[in-house]
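Structure, as structure tokens:
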Ligand SMILES: [Zn+2]
Ligand SMILES: [Zn+2]
């Protein structure tokens, strides 16, 4: 089984929900009768990630992620980074430091290093433009991303081999998303994810942050059984996210398999009361969604 649980479902500056980071868990047995998954993958870990995770580990079904009430970061085996906005990477410094010093200051660089996956460009920028400031210096020398993580660049595109396979069965591929345009579509690197069950051929899409892009993403949506789609509830003349009004124009059978996330704090205004009927509903934090049985 493959499951996905949102640590948070909020937009970048949401305060009622944590930011949209998600824990994917792969199980060889029944989750109800397992003490934890056989493998896992955290999709993004933003500034609210550590607090959101600290809240999640209080639920008994996520107790494998805690020790004595604190986050057990080494229980997170893999991370995928969709893009470099703070709501998606702001928690990585804490995760990296906690792992790197877990076996003592003298053994820095020798402790557990989770795999960090994304395109080579995003991983390079992640270090050069974001993490290096806080993580680049340690006692006696300078540090690199590889001191904290097993750096695993994955090829772009969904038509080639998977960037990662969990439990020899669940395949992960990524595709570019139209989030920020410097000059043109896709010229600022950001990624979405397609999960495929190699046994059944079924697939699930996780859009990451993106503008409305039916041309680029439509073929993944048509094939998918379930789509986690980012959304911005309020209209905007030049959005960098997908507007609810744009998603409302999609065919009903596509809308019904869409679960909306990355939404603002105004989600329970009366005007959005029908979203649950028009779509698969708003994503709920802490709920374990089954992607493949
Ligand atoms: Zn975001
Ligand atoms: Zn973003």
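The values are calculated or read from the model by the stated rules, or taken from the named source; none is laboratory data. The model shown is predicted, which means the values in this text are computed figures rather than measured ones. Because the Cβ atoms are built from the backbone with ideal geometry, glycine has one as well, and the counts that use them run over all protein chains shown.
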All but one of (1) more than 25 Å from residue 38 (Cα to Cα); (2) in contact with a strand residue (DSSP E or B) (Cβ under 9 Å, 6 or more places away or on another chain); (3) crowded, with 21+ Cβ neighbours inside 10 Å hold for residue 178, so report the exception by its number.
(2)
Taking first residues from the stretch 83-106 that are under 22 Å from residue 187 (Cα atoms) and second residues anywhere that are more than 16 Å from ligand 2 (Cβ to nearest atom) and not in a loop (DSSP other than H, G, I, E, B), the pairs with Cβ under 8 Å that are 6 or more apart or on different chains are 89/131
In the stretch 241-253, is there at least one residue being crowded, with 22+ Cβ neighbours inside 10 Å, more than 16 Å from ligand 1 (Cβ to nearest atom) and under 23 Å from residue 12 (Cα atoms)?
no
Regarding residue 166, is this residue at pLDDT 95 or above and away from ligand 2 (no atom under 16 Å from the Cβ)?
yes
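On the given criteria, is residue 183 touching a strand residue (DSSP E or B) at 6+ places or on another chain (Cβ under 7 Å) and either within 16 Å of ligand 2 (Cβ to nearest atom) or over 20 Å from residue 6 (Cα atoms) (or both)?
So residue 183 fails the test.
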What's the number of the only condition in (1) within 17 Å of residue 4 (Cβ to Cβ); (2) away from ligand 1 (no atom under 15 Å from the Cβ); (3) crowded, with 20+ Cβ neighbours inside 10 Å that residue 202 fails to meet?
(3)
If I filter the stretch 212-245 down to residues being touching a residue at least 12 places away in the same chain (Cβ under 8 Å) and out of contact with any strand residue (DSSP E or B) (no Cβ under 9 Å at 6 or more places or on another chain), which single residue comes out as nearest to ligand 2 (Cβ to nearest atom)?
213
Could you check how many residues of the stretch 60-84 are out of contact with any strand residue (DSSP E or B) (no Cβ under 9 Å at 6 or more places or on another chain) and either within 12 Å of ligand 1 (Cβ to nearest atom) or in a loop (DSSP other than H, G, I, E, B) (or both)?
3
